[in-house]
Amino acid sequence: MVAARPRARPSDKRAKSPSVLLTGFDPFGGDVLNPSWLIAQALHRRQLAGHRIIAAQLPTVFGDSLTRLNALLAEHRPALVICLGLAATRAAISLERIAINVDDARIADNAGAQPIDSPVVAGAPAAYFSTLPIKAMQQAINWAGVPAEVSQTAGTFVCNHVFYGLMHRLATARGLKRTRGGFIHVPMLPEQGAPSLPLDQMVEGLRVGIRTALTVQQDVRAVGGAID
């Protein structure tokens, strides 16, 4: 009698789906919460277009925020990176077009630093454009009933610092050249003041926006400029 062959055991190792890194900031400026982090938390571990979302918090600190972000990029090697930040004067989800190589802080960060006219990365290019399909994302978010706009400036505080540092890293780091990335500003929550958007509405807008970024390779040609 021929001995039966042992059954092959199913592998315990499951191939991980590609990931989306979604970051938000900790509270700053006296606030006790930051909607950018609440949105990222709400989307953590969701699956969108075959990708899993990994949420992580960045400190609202020049330098330290990029140290944390670079460590996350090295750990997860995401297919897509979207960093979120709070823009307290905006009434819509703002998809940022361009990051500039300057830190010029009107207020101090959470560590008390207030750089003035300093480069984010010395000797690097003056600016980087987002590699997200920002106009397609804007359209999709608006179609979902959530206010969205294309923004021409991410400011010169920690949000722009992270945006520029992200894009420089994606442009120069081995293994990340195919990773797309960008920055999105979100309004305050109603309990923080006005203008504002409810948290559930912003979470839905970001969910739609991320799905669009994962499924649209060529951005749409649509008006998204500004006069002032």
Can we say ARG52 is basic (Lys, Arg), surrounded by fewer than 22 Cβ atoms within 10 Å (Cβ to Cβ) and outside any strand (DSSP E or B)?
-> no
List the number of the failed condition for TRP143; all other conditions in (1) within 15 Å of the chain's Cα centre (by Cα); (2) farther than 22 Å from LEU72 by Cα; (3) aromatic (Phe, Trp, Tyr) hold.
-> (1)
Within region 98-105, can one find any residue that is closer than 22 Å to LEU199 by Cβ and out of contact with any Pro (no Cβ under 8 Å at 6 or more places or on another chain)?
-> no
Any pair with Cβ under 6 angstrom, 6 or more apart, that starts in region 165-176 at a residue that is farther than 15 Å from LEU132 by Cα and ends at one that is among the aliphatic types (A, V, I, L, M) | GLY165/LEU66; GLY165/VAL120
Those residues of region 105-120 which are open to solvent by less than 60 Å² (accessible area, probe 1.4 Å) and either in contact (Cβ under 8 Å) with a residue 12 or more places away in the chain or at negative phi (or both) amount to ALA105, ALA108, ASP109, ALA113, PRO115, SER118, VAL120
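Residues are listed down the side, and each one gets a yes or a no for (1) closer than 22 Å to ALA173 by Cβ; (2) over 14 Å from the mean Cα position of the chain (by Cα); (3) in a strand (DSSP E or B):
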residue: ALA56; (1), (2), (3): yes, no, yes
residue: VAL81; (1), (2), (3): yes, no, yes
residue: LEU84; (1), (2), (3): yes, no, yes
residue: ARG90; (1), (2), (3): no, yes, no
residue: ALA113; (1), (2), (3): no, yes, no
residue: VAL120; (1), (2), (3): yes, yes, no
With the condition kept exactly as written, say whether any residue in region 64-74 is at positive phi and either open to solvent by 10 Å² or more (accessible area, probe 1.4 Å) or of a type outside the set (Phe, Trp, Tyr) (or both).
-> no
How many of the residues in region 145-160 are under 14 Å from THR23 (Cα atoms) and open to solvent by less than 10 Å² (accessible area, probe 1.4 Å)?
-> 2
May I ask you to list the residues in region 167-188 that are within 12 Å of LEU73 (Cβ to Cβ), of a type outside the set (A, V, I, L, M) and open to solvent by less than 10 Å² (accessible area, probe 1.4 Å)?
-> GLY181
Do you know which residues across region 160-205 are outside any loop (DSSP other than H, G, I, E, B), within 18 Å of LEU33 (Cβ to Cβ) and over 18 Å from the mean Cα position of the chain (by Cα)?
-> PRO190, GLU191, GLN192, SER196
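The values are calculated or read from the model by the stated rules, or taken from the named source; none is laboratory data. Model, not experiment: these values are computed from the prediction. Every residue, glycine among them, receives a Cβ derived from its backbone with ideal geometry; neighbour counts consider all protein chains shown. Side chains included, ligands, DNA and RNA excluded: accessible areas come from the protein's heavy atoms. Shrake-Rupley method; radii C 1.70, N 1.55, O 1.52, S 1.80 Å.
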